[in-house]
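Reviewing the structure listed below.
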Amino acid sequence: MTDFRELIEKNENHYIDFLANLIHFDTSVIRHGEDGQEEKAQRYLAEYLKNMGCTVELFEPDNEVMKNYPSYNEGHNYKGRPVLVAVYKGTGGGRSLILNGHMDTMPGGDLNKWHTDPWKMEIKDGKMYGLGTDDMKGGLSAEILGLELALSTGFKPGGDIIIESVVDEEGGGNGSLAAAAAGYKADAAIIAEGTMLNCCTVNRGAWLVQVEVEGKPIHASLRGFGENAIDKAVKVIQALHELETKWATTRRHPLLGPATINIGCIEGGVAASTVPEKCTLKFDVEYYPSEVTKTGERIKIDKDDIVREVEDYLNLMASGDEWLKDHPLKFTWYQDCPPYETDVKEDIVQTVMNAADKVTDGKSEIAGLSCGCDARHLTNIAGVPTVVFGPGTCHNAHVVNEYLDKEEYLKAIESFAEIIIDWTK
């Protein structure tokens, strides 16, 4: 492996300016990805990658094509929201590598709470503040600059290196889905979401669910003659907490925290003086891609089994309620974010860990990712062994005063240079 420390120090200002330029573009999604404004940043990056010697393609995701794939999110507009795919062609004989990152960010929230301009990166006490520094323009920048650093030494990769700068990750991942559907594949892939430079080989899946609970409205003074839909919804919530506790005590994955259920939204009633006729719950079900049995056997989990288990548990509860047994709960499973899992024995895992161990002095680990990400499209659709590895942490994502540690960012650039040389030679 090459010692890049001197080159990193020499080029530090360039690396910081590169990220600052990307932060300057407001690429926040609109209505949770139904629309967006990534185009200017994508075209800026396309010119940069062309100057690096890449062949560049910009294309808008096609809903008619994507709707045929699992975990597609409908109702999103992609006019003026191109996916960018840049290919640095190898000389032949080496393994190919996809480096994936998303250009879009979440909105900035209450801008009065920011102590810096979200779109003007500032460094304070070693922290680079700005919207998207952590999630995930920092990781995307590190991948590109890692390639630039490797090439600066005269290295000529044998395998192709494919940079994917995608849109609408925050709205559900259709950008990476579009790239996978377009046929982009490689021998391995890395998504540079923030993992604190740990190598993540798995994450939990997420099903978003809506349950409608029916009541019987009447004047509040006569509540005993009605049926309160909100009260019945509370029974649904209690049952979900019971199911979550059951999972915590019976299900295990060596790299992941417990499977969880989060109540995210509750809507019901029209006035304090009326017994509510209807209550709607929306909740998130986080589930494993596989689990370890009592005997140590690893078994895959079918997401449809999760649906049945949740519905059966709630329907069993409802069957014991005099009102709900005759007024069944109505379920809508409206967004699916499947998990991904890559065998820890895959070569890409060892390659990433070799580089990370060198750069972090052995502090990196193989781990599981707490949040959802686009790795599911690369593994489940493109069939590419994929890991998630990058600077930052989920704790700094989607927050006011988002920041990325400068030293970790520089270590990520060094790590990607090491990975590219080792993998594609």
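The values are calculated or read from the model by the stated rules, or taken from the named source; none is laboratory data. Everything numeric in this text was worked out from a predicted model, so none of it was measured. Because the Cβ atoms are built from the backbone with ideal geometry, glycine has one as well, and the counts that use them run over all protein chains shown. What goes into the accessible areas is simple: the full protein's heavy atoms, side chains included, and nothing from ligands, DNA or RNA. Shrake-Rupley method; radii C 1.70, N 1.55, O 1.52, S 1.80 Å.
A few comments on the model shown:
- Rounded to the nearest 20 debye, the dipole size of segment 140-230 about its Cα centre is 260 debye, using +1 on the Cβ of Lys and Arg and -1 on the Cβ of Asp and Glu.
- Note on the chain: dipole from Cβ charges, positive end direction compared against L111, T55, P254; the farthest Cα belongs to P254.
- Relative contact order of the chain, pairs being alpha-carbon contacts under 8 Å that are 6 or more residues apart, as %: 25 percent
- Simple spin-label estimate for D312 and Y334 gives 2.7 nm between the two label positions (7 Å along the Cα-to-Cβ direction from each Cα).
- For the chain, the solvent-accessible area with a 1.4 angstrom probe is 44 square angstrom per residue.
- Among the GluC sites (Glu not before Pro) within segment 1-53, those in coil by DSSP and having at most 15 neighbouring Cβ atoms inside 10 Å are E34.
- A crude spin-label estimate for the pair E122 and K294, with each label 7 Å from Cα along the Cβ direction, gives 5.9 nm.
- Whole-angstrom gap from segment 1-76 to segment 144-217, using each part's C-alpha centre: 12 Å
- The charge dipole of segment 184-281, taken about the Cα centre with unit charges on the Cβ atoms of Lys, Arg (+1) and Asp, Glu (-1), comes to about 240 debye, rounded to the nearest 20.
- All-pairs alpha carbon distance profile, segment 329-425, 5 Å steps from 0, percent: 2, 11, 17, 20, 20, 14, 8, 3, 2, 1, 1, 0
- Relative contact order (%) - criterion: Cα under 8 Å, at least six apart; region: segment 235-379: 19 percent
- Angle in degrees between helix 347-359 and the longest Cα principal axis of the chain, rounded to the nearest 10: 70 degrees
- Cut-off 14 Å between beta-carbons: net charge of the residues surrounding G383, Lys and Arg +1, Asp and Glu -1: -2
- Protein-only accessible surface order, largest first, of Y334, Y88 at 1.4 Å: Y334, Y88
- Rel. contact order, % - alpha carbon contacts under 8 angstrom, at least six apart, segment 268-310: 22 percent
- Peptide packing: for 51-57, 141-147, 160-166, the average count of neighbouring Cβ atoms within 10 Å per residue gives the ranking 141-147, 160-166, 51-57, highest mean first.
- Summarised in one figure, the compactness ratio Rg/Rh of segment 142-254, Cα atoms and Kirkwood Rh, is 1.24.
- With the charge dipole of the chain set up from +1 on Lys and Arg Cβ and -1 on Asp and Glu Cβ about the Cα centre, the Cα lying farthest toward the positive end among the listed residues Y129, I301, G194 is that of I301.
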